[in-house]
Ligand SMILES: [Zn+2]
């Protein structure tokens with residue numbers, strides 16, 4: 001055993017590729033375990049096309065996903081509209097360029113970051129990440145207003161992005177495997193719970209945004 005470890009160390013494999021092998025096996029279990037097909041947003045029981053990326057794929061997230069059968073294609077398409085607008089805003093484009101997540105040949109029309117798009121972007125990630133990684137909390141949370149906001153699209157001032165979250169103490173939402181992988185892409189998903197109020201904070205590189213969810 002000791003010999004094997006030495007051999008492995010000598011092979012010059014970066015330590016993360018060793019972890020990746022184990023993680024991929026865990027992924028296999030979580031991706032292909034049969035799930036009861038029911039959309040966690042609209043309760044639809046059909047039209048499931050793919051896994052759902054909790055953090056958009058174009059921010060480098062390949063593994064923090066919900067299994068096929070969790071979010072229906074209709075909801076997925078609906079969310080793509082505001083996600084694309086957020087990801088092609090000046091702020092996100094700059095940060096994506098910085099982390100080489102934007103290819104020169106991809107001509108993206110940049111735009112302003114709209115408050116309502118950012119609110120939805122954050123709430124969708126909050127809802128999905130709690131479902132994935134903090135299921136017990138998720139089961140006890142009241143999401144009716146968030147779902148109405150995401151599905152019906154009416155502007156809801158209650159979900160305004162918090163201008164400053166520095167005085168709150170945050171904890172990570174994803175488990176350590178997901179946290180490790182997300183951190184390699186400069187991504188962080190956190191929550192704070194103060195006086196029965198719940199906050200969700202998202203970080204991508206130097207961009208950081210917080211929203212009150214309950
Ligand atoms: Zn749905």
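The values are calculated or read from the model by the stated rules, or taken from the named source; none is laboratory data. Everything numeric in this text was worked out from a predicted model, so none of it was measured. Virtual Cβ from ideal backbone geometry, glycine too; neighbours counted across all protein chains shown.
If the condition is being more than 18 Å from residue 140 (Cα to Cα) and touching a helix residue (DSSP H, G or I) at 6+ places or on another chain (Cβ under 8 Å), then segment 190-202 contributes only 202. Within segment 47-97, the set of residues being over 26 Å from residue 175 (Cα atoms), assigned to a loop (DSSP other than H, G, I, E, B) and away from the ligand (no atom under 14 Å from the Cβ) comprises just one member, 88. The set of residues in segment 114-128 being in contact with a helix residue (DSSP H, G or I) (Cβ under 9 Å, 6 or more places away or on another chain) and surrounded by 20 or more Cβ atoms within 10 Å (Cβ to Cβ) consists of 118, 119, 120, 121, 122, 123, 124, 126, 127. Selection over segment 135-150 of residues that are surrounded by fewer than 14 Cβ atoms within 10 Å (Cβ to Cβ) and assigned to a helix (DSSP H, G or I) gives a count of 6.
Filtered by the rule that a residue be under 21 Å from residue 79 (Cα atoms) and either touching a strand residue (DSSP E or B) at 6+ places or on another chain (Cβ under 9 Å) or not in a loop (DSSP other than H, G, I, E, B) (or both), segment 153-172 gives 157, 158, 159, 160, 161.
In a helix (DSSP H, G or I), at pLDDT 90 or above, in contact with a helix residue (DSSP H, G or I) (Cβ under 6 Å, 6 or more places away or on another chain) and surrounded by 14 or more Cβ atoms within 10 Å (Cβ to Cβ) - does that describe any residue in segment 182-189? Show your work before the answer.
Taking segment 182-189 as the starting set, the residues that turn out to be in a helix (DSSP H, G or I) are 182-184.
Of the ones still in play, those that are also at pLDDT 90 or above are 182-184.
Then drop every residue that is not in contact with a helix residue (DSSP H, G or I) (Cβ under 6 Å, 6 or more places away or on another chain), which leaves none.
Scanning segment 182-189 turns up no residue that is in a helix (DSSP H, G or I), at pLDDT 90 or above, in contact with a helix residue (DSSP H, G or I) (Cβ under 6 Å, 6 or more places away or on another chain) and surrounded by 14 or more Cβ atoms within 10 Å (Cβ to Cβ).
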